[in-house]
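Handing you a structure now.
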Amino acid sequence: MALFEMGCTDARIAGFIESTFYFRISEAAVAKARRAMAGASKKQLEEIKRAFRESMFVHMDETGFKIGVLGKTGYVWVAVVGNAVWVHFAPTRGAAVLREHFGWLSRRAVVADGLPAYRAWFQHLQRCCRHLRNSSRF
């Protein structure tokens, strides 16, 4: 799914699988598997979103990680409620990530650190106790 979302054709995905795992797979088989995954993941994503809608608040945080051998930094964004987690990997810590991938949470109460992106995007932001204790500014 991720390769398709990045613009790879089914033929290129089949070539990637063959070069990585050393077995042939047809373009049609890739297309069929991709459609099956999209259908299965759509139901699961709706269940996760329902858990977020039913929760009174959401905990959010982001952290950097090294991407490959080039030493570039990417970020993993995580939103958590009692029984569900929403994760997104992005090249930035900017508010655009929140708007595009977590926009459906903008009216929720969010517990997070003082990152400017959180302050700019969420209407109801509560600073997390752990970050408040470690911060010299309130």
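From the list (1) 1.31; (2) 1.54; (3) 1.09, can you say which value of Cα Rg over 2.2 N^0.38 Å was derived from the structure given?
Comparing each candidate, only (1) matches the computed number.
Can you spot the lysines whose alpha carbon is less than 25 Å from Lys43's alpha carbon? Ignore those fewer than 8 places along the same chain.
Cα-Cα hits under 25 Å: Lys32.
Give the percent of DSSP beta bridges with both residues in the chain that are antiparallel, rounded to the nearest 5. Walk me through the numbers on the way to the answer.
Values: 16 of 23 bridges.
DSSP beta bridges in the chain are roughly 70 percent antiparallel.
Calculate how large, on average over all directions, the projected area of the Cα convex hull of the stretch 64-133 is; give the answer in nm² to one decimal. Mind showing how you got there, number by number?
Details: hull surface 21.8 nm².
Answer in nm², one decimal: 5.5.
Just to verify a number: FRET efficiency for Ala109 and Ala51, C-beta to C-beta distance, R0 = 25 Å, to 0.05?
Values: r = 15 Å, r/R0 = 0.60.
Working from the Cβ atoms, E equals 0.95.
Summing -39500 (n - 2.57) over the DSSP H runs of n ≥ 4 in the chain and dividing by its residue number, what mean residue ellipticity at 222 nm do you reach, to the nearest 500 deg cm²/dmol?
Result for the chain: -13500 deg cm²/dmol, rounded to the nearest 500.
Could you tell me how many degrees, from 0 to 90 and to the nearest 10, lie between the Cα long axis of helix 10-21 and the main elongation axis, the longest principal axis, of the Cα atoms of the chain?
Value to nearest ten degrees: 90.
Report in % the part of the accessible area of the stretch 1-109 that belongs to carbon and sulfur, leaving out ligands and nucleic acids; probe 1.4 Å.
The C+S portion of the solvent-accessible surface of the stretch 1-109 is 60 percent.
The values are calculated or read from the model by the stated rules, or taken from the named source; none is laboratory data. What you see is a predicted model, and the numbers here were worked out from it, not measured in a lab. Don't worry about glycine lacking a Cβ; one is built from the backbone with ideal geometry, like all the others, and counts go over all protein chains shown. The area values use the complete protein model at the heavy-atom level, side chains included, leaving out ligands, DNA and RNA. Shrake-Rupley method; radii C 1.70, N 1.55, O 1.52, S 1.80 Å.
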